[in-house]
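> Pasting a structure here, questions to come.
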Protein chains: 4
Amino acid sequence: MEKVAVIGASGYTGVELLRLLSGHPQAEVVAVTSRQYEGMPIGRVFPSLGGYFDLVCEAVDIESIAARADLIFTALPHKSAMEVIPDFLNAGCKVVDLSADYRLRDRQVYESWYQTHSSPELLAEAVYGLPELYRSQIKKARLVANPGCYPTSVALGLAPLLEGQLIACDSIIIDSKSGTTGAGRGLKEASLYCEVNEGFKAYGIASHRHTPEIEQTLSQLAGESIQVSFTPHLLPVDRGILSTIYASQTNDYSTAELLDIFHKRYADEPFVRVLPEGQLPNIAYVRGTNLCDIGLVADERTGRVIIVSVIDNLCKGAAGQAIQNFNLICGIDERCGLSAAPLFP
Amino acid sequence: MEKVAVIGASGYTGVELLRLLSGHPQAEVVAVTSRQYEGMPIGRVFPSLGGYFDLVCEAVDIESIAARADLIFTALPHKSAMEVIPDFLNAGCKVVDLSADYRLRDRQVYESWYQTHSSPELLAEAVYGLPELYRSQIKKARLVANPGCYPTSVALGLAPLLEGQLIACDSIIIDSKSGTTGAGRGLKEASLYCEVNEGFKAYGIASHRHTPEIEQTLSQLAGESIQVSFTPHLLPVDRGILSTIYASQTNDYSTAELLDIFHKRYADEPFVRVLPEGQLPNIAYVRGTNLCDIGLVADERTGRVIIVSVIDNLCKGAAGQAIQNFNLICGIDERCGLSAAPLFP
Amino acid sequence: MEKVAVIGASGYTGVELLRLLSGHPQAEVVAVTSRQYEGMPIGRVFPSLGGYFDLVCEAVDIESIAARADLIFTALPHKSAMEVIPDFLNAGCKVVDLSADYRLRDRQVYESWYQTHSSPELLAEAVYGLPELYRSQIKKARLVANPGCYPTSVALGLAPLLEGQLIACDSIIIDSKSGTTGAGRGLKEASLYCEVNEGFKAYGIASHRHTPEIEQTLSQLAGESIQVSFTPHLLPVDRGILSTIYASQTNDYSTAELLDIFHKRYADEPFVRVLPEGQLPNIAYVRGTNLCDIGLVADERTGRVIIVSVIDNLCKGAAGQAIQNFNLICGIDERCGLSAAPLFP
Amino acid sequence: MEKVAVIGASGYTGVELLRLLSGHPQAEVVAVTSRQYEGMPIGRVFPSLGGYFDLVCEAVDIESIAARADLIFTALPHKSAMEVIPDFLNAGCKVVDLSADYRLRDRQVYESWYQTHSSPELLAEAVYGLPELYRSQIKKARLVANPGCYPTSVALGLAPLLEGQLIACDSIIIDSKSGTTGAGRGLKEASLYCEVNEGFKAYGIASHRHTPEIEQTLSQLAGESIQVSFTPHLLPVDRGILSTIYASQTNDYSTAELLDIFHKRYADEPFVRVLPEGQLPNIAYVRGTNLCDIGLVADERTGRVIIVSVIDNLCKGAAGQAIQNFNLICGIDERCGLSAAPLFP
């Protein structure tokens, strides 16, 4: 039984981590922290969790928590995460960080999109926690940078094509749509029910912080520097990301041929489902799970391939992938605690 | 490992049964039937289930299915259910029936609200599958009549008060609100997205078929004949029932005193959560689970008690309770396959 | 052309007033105020209004605004409203107040549910702005207390029965459900999209501030003191209130007889639609309008009548009714600016 | 006063036409037809319209209707529309057709995407009813082919760029998202509430029938043949289309420069709102109106321009534009009946 702590448990990523951990047979949650709700039972912060945990939110006391926990999930905003992670590492804990603080290899890129980095020496050590690409490194990692939600959906949707050099690297356009949990639980007018419901909008066009993370992974896959157009949108649903990805083919592969390449690439992946020709994914069919569903169409008229990739942003896009990484680090079966079927409807 | 079949697998109750059974360590699904989708893999009927089952929808062949399965879940409409259940029983199977066909003890009552009953001899044998009230009988049952969704929420909300004779039996008013999965997956204009979304309505006032089922259970609890006013409403959400129940107190108990009675009554029940004073339930906090959350307030001004009872209509109101009954019948831990925490948000 | 100002324009009631006023042929909006958005064009605060008004949000300067406007709509929270209304009256303006500050006749009742009243001398003068009950007084009023949303739906649903002494006064139970605009535009965790969406809950049981307002109107209609049970709920929709009202009949009227009484009572009312037998209202069918739809069923089994009354909480429950009152005060056709058909779907 | 008829009144386009016509001061609806609801008052088919029309659904009797109406709105599916339109024209009526039957100039293109055309001789005469592009022709038309919803959002979003030859014609990618009214009111499993709610999917990739219509208009604007990638998606909202459009710039214009071009192009258009730099459109801000909101960003890194164009699919995308065309044909002010502000929230 691995002892874990959740730092920053009162956001949507926190409650999703706890939901999944409550059913994980080899993880025991020994501490949850929340500045806002310090002293309150977690089952009161999230009535959904009532009866599942006998834990009270505490302040972040690294020494005390490190004495109890072997592995730390940090579900904090960027900047707050790097303020505690080096100390947890020094105290002997392993860390799966769900913030953006250790995802970018290049300190300058990080600092141009975020702010000064206080522990740049860890950037080289941190492993980017996308198991379908970096499984062997994750197993040996002390610090895993859990990927962003949009980048996860994009990397899995493009990996087989970039690895096979099947698309023109300067042609990639990514049109992504995310459920509202992606905006977090903070109090913003734009997150109010009546502002989101029955609405739909794009935001952060050509300026979203997930752009450099996407480009880092795609460049690594292609072996050359890639720049993309990335447009996120806000969906009036709780959960789910759907990325529609456009790229020009370098060959004339048919839909069936391309699907075959995807099927082979992901044959042994427990969480990727490549859909048969004629079927397209829907965020509703992966709800609550660590699954990524992928469909695609080759458009003969324009020579482009259009890939549609779908995940649950809170699960494969955050907490589920964090637990997948936890399993890998601890030598547990990768699917452990993550095998429940999607909740539909 | 118990071998089970799901008869009528292509509706919302069917997919929920399969979702729960996919994670049940002691159940193996050996057959699924669907008239509409005969010959289609169940993972194509419900893409959410892709990869979880290697089953193809078949027609209902009782002999063939009974040869493979020990226990049958019938997720058929009323009337269709009683057309196959006697034969499954004769073939040696046990049956958990999710339709209304065997819920009412009194054949005449059944026939006045539904139609002629073709196997009235089974009405006396069938056990009403509400474990919190009839656990010991369920354990020995051959045929369990799984309760309706509204009646489940009402019975659990009123049982402690009726058992303790704490309310006037002629004063009960039940105002219930159900998510749209309760309307089923059939093609009706009223079930279209644009007819339901951003709408809210009452329906079946003073004429809903769950009324006699509610009255049967409440009368049994009270030891006298009870008539209620019951008004169902359609909520623009997928899942969840919330019943707001009004009754006149026979004593002057305070909120705290009444909650104490509920706490004691449900202390050993794994699926009932009685909320502390000042807290009220929300359908969002039981989503996807077999839980029933109950809150209440004693209104000193009017002498009434107002109880709010909440379940997931597809789970504790249908498929979850069916599996709870399956566990009881088979001597499995009652919580088996039903312990996952609610999906919030 | 009447010159009007909207004090507190940046909430949902404010934007609804402006939406309706933009199409009102006899009203000209000369000022809008907002503390939060002072200096910002109203078409930037609400992009929906872009191009409809050439107004910038200003601070509340009573002298300046009174010099420009004849009639003031106050769309402020209670307490804030009574801080400015006496001064607007003294400056010669008429006022339609959408807050709760002048709705209750009895100062003590007000102060026990809200706080100390700073201008109690106006309580006797203020006219309760429910035209279907108090039309003649409204026409002559200087200060109209625009009714609350829940109380409007309840008063219209019960008026014919109480006027005709057709129900037992101690038997009234009101189960109301409101869209989320009713919770306002303030930043509260409970108003976030992901907290409301796919959820449903009761709140303020036996303690909601609209209770004394409801009881004041019903008592006046009945000619005797009435106490009710009133339970509000929060619906995951933007707009709409549906109140399901239960009462014991003093006679044995049938559904048809009761509907006939309602039809006669409301025959000349432009905004009340009494539905034919067998039809029940839906909030979706009054969206964006000043309509109140009413359906009912007499339940012979229990001797109760169940009335379902439906309005748009922002319109007939707030801004629409305020404009109806404005029309009456100014001698304009009552329907002016309020005749657009509902937006469905 | 112009006398009009709505052929095919029982769908979502039909009810939207009637909603708008109910408030149009110069249109009188003299007939509504519906095969499914023949003999039923339209206020019963759509309770929202109760009290607004004293009309009963009739069968399509061309002679009878043509004797009463001057202009016909056909809100029928393609194929059904061309079965009646020639006769209405022969009977001396003018026609605004909301189907796809007369939108494509080229009979072969029509027949390759739809089916055999039964009145191809009218294709040359029919005017494509996008007033911002073809206003003068519409004024003189006898038959107006009202544009599709997606094509409307795309044409308005790209017209200034194509007219100015500012983008590479082979680089256009259109990622569109539509509310569910776009799927119509027919009974399909995919249109059920529980299938759509909390879901999101792409459909018809590289094969949607609006593709040739889009390409026809864009080619005409550019003066050369254009092929696009067009991907529609289904949004869990009632109304609204948002199209995110990507194209490579031929120059290096900044966001401000491009917006300036749009502002000039649409300066006199009553229904197009070009948003200031830094602001992006939301479908919620045009709900219920004939408005098209457009925002854009020049992405210096990739040399692309990303345009976001938003309409209400039922209004500017169908019924509203039809009334705009009706106004033009009849010499009425183009804004007549279409000036109400958006319903927000």
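The values are calculated or read from the model by the stated rules, or taken from the named source; none is laboratory data. No experiment lies behind these values; they were computed from the predicted model shown. Here the Cβ positions follow ideal geometry from the backbone for every residue, glycine too, while neighbour counts run over all protein chains shown. Just so you know, the surface numbers come from the protein's heavy atoms only, side chains and all, with ligands and any DNA or RNA stripped out. Shrake-Rupley method; radii C 1.70, N 1.55, O 1.52, S 1.80 Å.
> Report which residues of region A:39-85 become buried by 30 Å² or more of accessible surface when going from the isolated chain to the complete set of protein chains (1.4 Å probe; DNA, RNA and ligands ignored).
A:R44, A:P47, A:S48, A:Y52
> What is the Cα centroid distance between region B:34-76 and region D:20-79, reported in whole angstrom?
46
> Provide the percentage of antiparallel DSSP beta bridges, counting only those with both residues in chain A; round to the nearest 5. Walk me through the numbers before you get to the answer.
Values: 26 of 55 bridges.
Restricted to chain A, the bridges split so that about 45 percent are antiparallel.
> Using a probe radius of 1.4 Å on protein heavy atoms only, what is the accessible area buried between chains D and A, both sides summed, to the nearest 100 Å²?
Numbers: alone 15100 and 15140 Å², together 26300 Å².
Separately minus together, D and A give about 3900 Å² buried.
> Restricting things to Cα coordinates, could you compute the convex hull volume per residue of region D:23-105 in Å³?
Numbers: hull volume 9.4 nm³, N = 83.
Output value, Cα hull per residue: 113 Å³.
> Mind listing the label-point distances from C:E163 to the same position on all other copies, shortest first, one decimal in nm, points 7 Å along Cα→Cβ?
Going from nearest to farthest copy, the values are 4.9, 5.8, 7.6 nm.
> Given H placed 1.01 Å from N in the peptide plane, which residues other than close sequence neighbours of C:Y128 have an amide H under 5 Å from its amide H?
Those qualifying (amide H under 5 Å, at least 5 residues apart or on another chain) are C:A145.
> Another question about this same structure. If I take all pairs of Cα atoms in region D:128-168, what percentage of them are more than 15 Å from each other? The partial results should precede the final answer.
Working: 372 of 820 pairs.
Taking all Cα-Cα pairs of region D:128-168, the fraction more than 15 Å apart is 45 percent.
> At 1.306 mPa s and 10 °C, plugging the Kirkwood radius over alpha-carbon pairs of the protein assembly as shown into Stokes-Einstein gives what diffusion coefficient in µm²/s?
Values: Rh = 33.0 Å.
The calculation lands on 48 µm²/s.
> Another question about this same structure. Please name which of A:A202, A:L161, A:L187 has its Cα lying farthest along the dipole of region A:149-311 towards the positive end, using unit charges on Cβ (Lys, Arg +1; Asp, Glu -1) and the Cα centre as origin.
A:L187
> Name the most mobile residue of D:V144, D:V15, D:V45, meaning the one with the largest mean-square fluctuation, in a Gaussian network model of chain D with Cα contacts below 10 Å.
D:V45
> Using Cα pairs closer than 8 Å and at least 6 residues apart in sequence, work out the relative contact order for region D:1-143, in percent. Before the final figure, lay out each step's value.
Details: 248 pairs, mean separation 27.7, N = 143.
Value for region D:1-143: 19 percent.
> Tell me the distances, shortest first, between C:A267 and the same position across the other copies, using label points 7 Å along Cα→Cβ, in nm to one decimal.
Distances between equivalent label points, in nm: 5.9, 6.5, 8.2.
> Scan around B:A27 for amide H atoms under 5 Å from its own, H built in the peptide plane at 1.01 Å from N, and keep only partners 5 or more places away or cross-chain.
Hits under the 5 Å cutoff: B:E2.
> If you average the alpha carbon positions of region B:149-215 and of region A:105-122, how far apart do those two centres end up, in angstrom?
The distance from the Cα centre of region B:149-215 to that of region A:105-122 comes to 56 Å.
> Would you calculate, for chain C, the mean residue ellipticity at 222 nm contributed by helices, counting each DSSP H stretch of 4 or more residues as -39,500 (n - 2.57) and dividing by all residues, to the nearest 500? Don't skip to the answer; put the middle values down first.
On the way: 11 runs with 103 residues, N = 345.
When only DSSP H runs of four or more count, the value is -8500 deg cm²/dmol.
> Something else about it: Write down, largest first, the equivalent ellipsoid semi-axes of region D:149-311 in whole Å, where each equals the square root of 5 times an eigenvalue of the alpha-carbon gyration tensor. Numbers along the way, then the final one.
Numbers: eigenvalues 149, 63, 39 Å².
Taking √(5λ) for each Cα gyration eigenvalue gives 27, 18, 14 Å.
> If you don't mind, there's one more thing I want to ask. List the residues of region A:317-345 that lose 30 Å² or more of accessible area once all protein chains are present, compared with their chain alone (1.4 Å probe, heavy atoms only, no ligands or nucleic acids).
Flagged in region A:317-345: A:A341, A:P342, A:L343, A:F344, A:P345.
> So what are the ³J(HN,Hα) numbers for region B:21-33, from phi and the Karplus equation (6.51, -1.76, 1.60; θ = phi - 60°), rounded to whole Hz, Gly and Pro as x?
Along region B:21-33, the couplings run 5, 4, x, 8, x, 10, 10, 10, 7, 9, 7, 10, 10 Hz.
> Same structure again: Residue-wise, which Karplus ³J(HN,Hα) couplings in Hz belong to region C:283-288, taking 6.51 cos²θ - 1.76 cosθ + 1.60, θ = phi - 60°, and x for glycine or proline?
Ordered by residue, 3J(HN,Hα) equals 4, 5, 8, 10, 3, x Hz.
> Against the empirical 2.2 N^0.38 Å scaling, what ratio does the C-alpha Rg of region C:71-188 come to? Working shown, then result.
Working: Rg = 15.6 Å, N = 118, 2.2 N^0.38 = 13.5 Å.
For region C:71-188, the normalised Cα radius of gyration comes out at 1.16.
> Then there is this: Using the structure shown, list the pairs from B:K3/B:K139; A:K201/C:K316; D:K139/D:K177; D:K79/D:K188 with a Cα-Cα distance above 25 Å, or answer none. Write down the numbers at each step before the final one.
Details: B:K3/B:K139 17 Å; A:K201/C:K316 30 Å; D:K139/D:K177 31 Å; D:K79/D:K188 20 Å.
Distance filter (> 25 Å) returns A:K201/C:K316; D:K139/D:K177.
> Taking N as the number of residues in chain B, what is its alpha-carbon radius of gyration divided by 2.2 N^0.38 Å?
Normalised by 2.2 N^0.38 Å, the Cα Rg of chain B equals 0.97.
> Counting pairs of alpha carbon atoms under 8 Å apart in space and at least six apart in sequence, what relative contact order in percent does chain D give?
Working: 755 pairs, mean separation 58.6, N = 345.
Value for chain D: 17 percent.
> Among B:S136, B:S80, B:A126, which residue has its Cα positioned farthest towards the positive end of the charge dipole of region B:1-150, with +1 placed on the Cβ of Lys and Arg, -1 on the Cβ of Asp and Glu, and the dipole taken about the Cα centre?
The residue sitting farthest along the positive end of the dipole is B:S136.
> Shifting gears a bit: Under the Karplus relation 6.51 cos²θ - 1.76 cosθ + 1.60, θ = phi - 60°, what is the ordered set of whole-Hz ³J(HN,Hα) values for region B:333-345, x standing for Gly and Pro?
Values, residue by residue: 3, 4, 8, 4, x, 10, 9, 4, 6, x, 8, 9, x Hz.
> Moving on to the next point. As a test of understanding, state the convex hull volume per residue of region A:250-345 from its alpha carbons, in Å³. Could you put the intermediate results ahead of the total?
Numbers: hull volume 10.6 nm³, N = 96.
Enclosed volume per residue, from the Cα hull, is 110 Å³.
> Would you mind working out the accessible area per residue for the protein assembly as shown, using a 1.4 Å probe, and quoting it in Å²?
Numbers: 43960 Å² over 1380 residues.
Computed with neighbouring chains in place, this is 32 Å² per residue.
> Can I ask one more? Give the accessible area for A:L187 in Å² (nearest 10); use a 1.4 Å probe, count only protein heavy atoms, and leave out ligands, DNA and RNA.
That residue has around 90 Å² of solvent-accessible surface.
> Then there is this: Calculated FRET efficiency, A:S207 and C:R209, Cβ-Cβ r, R0 41 Å, to nearest 0.05?
Working: r = 45 Å, r/R0 = 1.09.
Efficiency, rounded to the nearest 0.05: 0.35.
> Now for a separate question. Show A:T211, D:T250 ordered by accessible area, largest first, where the area counts protein heavy atoms only and the probe is 1.4 Å. Don't jump to the answer; show the numbers that get you there.
Numbers: A:T211 5, D:T250 80 Å².
My answer, sorted largest first, is D:T250, A:T211.
> Sequence-distant or interchain residues sharing an amide H contact under 5 Å with C:R304, placed H: which?
The answer is C:Q249, C:D299.
> Of all DSSP beta bridges in region A:149-311, what percent run antiparallel (nearest 5)?
Details: 25 of 34 bridges.
Of the beta bridges lying entirely in region A:149-311, close to 75 percent run antiparallel.
> Taking the rotation that carries D onto A, look along its axis and tell me which residue of D has the beta carbon nearest to it, distance in whole angstrom.
Residue nearest the D-to-A axis, with distance in whole Å: D:D175, 2.
> Tell me, what % of the accessible area of chain A is carbon and sulfur with a 1.4 angstrom probe? Mind dumping the intermediate values first?
Values: 5080 of 11010 Å².
Its accessible area is 46 percent carbon and sulfur atoms.
> Helix C:320-330 versus the longest principal axis of chain C: what angle, 0 to 90°, nearest 10, using Cα atoms?
70
> Next question, about the same structure. If ligands, DNA and RNA are left out, what is the accessible area of C:E189 with a 1.4 Å probe, given in Å² to the nearest 10?
50
> Let me ask another. For D:R68, go 7 angstrom from Cα along the Cα-to-Cβ vector, then report the distances to that same point in the other copies in nm, smallest first.
So the label point of D:R68 gives 4.9, 5.9, 7.7 nm to the other copies.
> Just order A:54-64, C:289-299 by mean Cβ neighbour count inside 10 Å, highest at the front, would you?
Details: A:54-64: 15.1, C:289-299: 24.8.
Highest mean packing first, the order is C:289-299, A:54-64.
> Antiparallel DSSP bridges in the protein assembly as shown: what percent, to the nearest 5?
On the way: 110 of 226 bridges.
For the protein assembly as shown, the DSSP antiparallel bridge percentage is about 50.
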